[in-house]
Amino acid sequence: MAFPEAGVAQLLADCKRHCCVCWRWCGSKMHLHHIIPRAQDGPDEIDNAIPVCLDCHAEIESRGNLGRQFSQAELREHKRRWLEICRDQPDVVIQSNRAATATGPLEALLSELEYNAILLTGDDHRTDYATLVVAQFERAIAANALSALGTPARERVYRLYKLISETADLIRSRMIHPPDGGSSNTISNQIRDKRVELRTQVASTIACLREALGGAQ
Ligand SMILES: [Zn+2]
């Protein structure tokens with residue numbers, strides 16, 4: 001079951017494809033959240049839908065017990081206010097576009113993992129591997145965005161980036177001691193093994209994150 005197409009089209013146009021909670025522009029990455037969840041028999045009626053970005057959706061679905069959770073009444077109010085702004089104050093929409101064009105941290109983390117998966121393809125016997133990127137993980141930590149994930153998904157992300165950091169250390173140490181036989185060859189073998197392990201871990205972490213954020217679509 002899903003929300004009715006005609007109602008969805010109207011709602012997406014009315015919110016100008018912006019998140020009703022943080023006012024970020026979402027484009028095709030818009031999520032429709034059930035204000036009364038399906039698990040509580042929330043209907044697939046458009047009145048029960050609120051357009052949100054992936055990061056806000058993760059926050060709304062979060063069951064962590066630090067801080068305050070989003071209530072259904074609050075979500076209705078966010079939706080009502082944003083739709084009112086879109087209708088009556090288009091200048092506010094333009095300003096919010098200027099202020100908040102950045103992609104949300106969890107969404108950017110998923111993109112970073114997909115890029116890392118590409119960096120891990122190819123020959124494991126080469127020696128000039130690109131270092132995997134970690135900027136969006138650091139951003140997600142700084143923004144405390146990972147707290148919106150359940151514990152298993154969060155810990156999986158932590159373990160993956162620990163492995164990435166161990167691999168980067170090995171690559172650095174090989175740069176200091178270029179291969180000349182002996183211990184450097186051991187380092188090369190360790191890097192190769194890490195890359196094989198990383199390939200599996202990156203793929204499974206992407207799947208796990210998609211599933212954790214998935215209630216989401
Ligand atoms: Zn948002």
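The values are calculated or read from the model by the stated rules, or taken from the named source; none is laboratory data. All figures in this text were calculated on a predicted structure; none of them were measured in a lab. Glycine gets a Cβ as well: all are built from the backbone with ideal geometry, and neighbour counts include every protein chain shown.
Overview of results
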item	result
Which numbered condition residue 41 misses (of (1) within 16 Å of the ligand (Cβ to nearest atom); (2) modelled with pLDDT under 95; (3) out of contact with any Cys (no Cβ under 8 Å at 6 or more places or on another chain); (4) within 25 Å of residue 6 (Cβ to Cβ))	(1)
Residue match in region 62-71 (condition: touching a strand residue (DSSP E or B) at 6+ places or on another chain (Cβ under 7 Å) and either closer than 21 Å to residue 153 by Cβ or assigned to a helix (DSSP H, G or I) (or both))	no
Residue count for region 16-43, restricted to those that are under 29 Å from residue 94 (Cβ atoms) and either in a helix (DSSP H, G or I) or not assigned by TED's automatic domain parsing to the domain that holds residue 83 (or both)	3
So residue 130, is it within 16 Å of the ligand (Cβ to nearest atom) and touching a helix residue (DSSP H, G or I) at 6+ places or on another chain (Cβ under 9 Å)	no
Cross-chain or 6+ apart pairs with Cβ under 7 Å, region 44-57 first and more than 14 Å from residue 15 (Cβ to Cβ) and outside the structural domain of residue 212 (by TED's automatic domain parsing), then more than 16 Å from the ligand (Cβ to nearest atom) and in a loop (DSSP other than H, G, I, E, B)	44/1; 44/2; 44/3; 48/36; 48/42
Meets criteria (of a type in the set (Ser, Thr, Tyr), within 16 Å of the ligand (Cβ to nearest atom) and outside the structural domain of residue 154 (by TED's automatic domain parsing)) for residue 71	no
Residue in region 1-15 that is closer than 22 Å to residue 69 by Cβ and in a loop (DSSP other than H, G, I, E, B) present	no
Residue check, residue 55 within 12 Å of the ligand (Cβ to nearest atom) and part of a helix (DSSP H, G or I)	yes
Test result for residue 155, in a helix (DSSP H, G or I) and within 21 Å of the chain's Cα centre (by Cα)	yes
Every residue from region 27-38 that is in contact with a helix residue (DSSP H, G or I) (Cβ under 8 Å, 6 or more places away or on another chain) and either without any contact (Cβ under 8 Å) to a residue 12 or more places away in the chain or within 11 Å of the ligand (Cβ to nearest atom) (or both)	29, 30, 31, 33
Condition check for residue 94: assigned to a loop (DSSP other than H, G, I, E, B), of a type in the set (Val, Ile, Thr), away from the ligand (no atom under 13 Å from the Cβ) and free of Cβ contacts under 8 Å to residues at least 40 places away in the same chain	no
Residues that are surrounded by 11 or more Cβ atoms within 10 Å (Cβ to Cβ), in contact (Cβ under 8 Å) with a residue 40 or more places away in the chain and among the hydrophobic types (A, V, I, L, M, F, W, C), drawn from region 1-18	3, 8, 11, 15
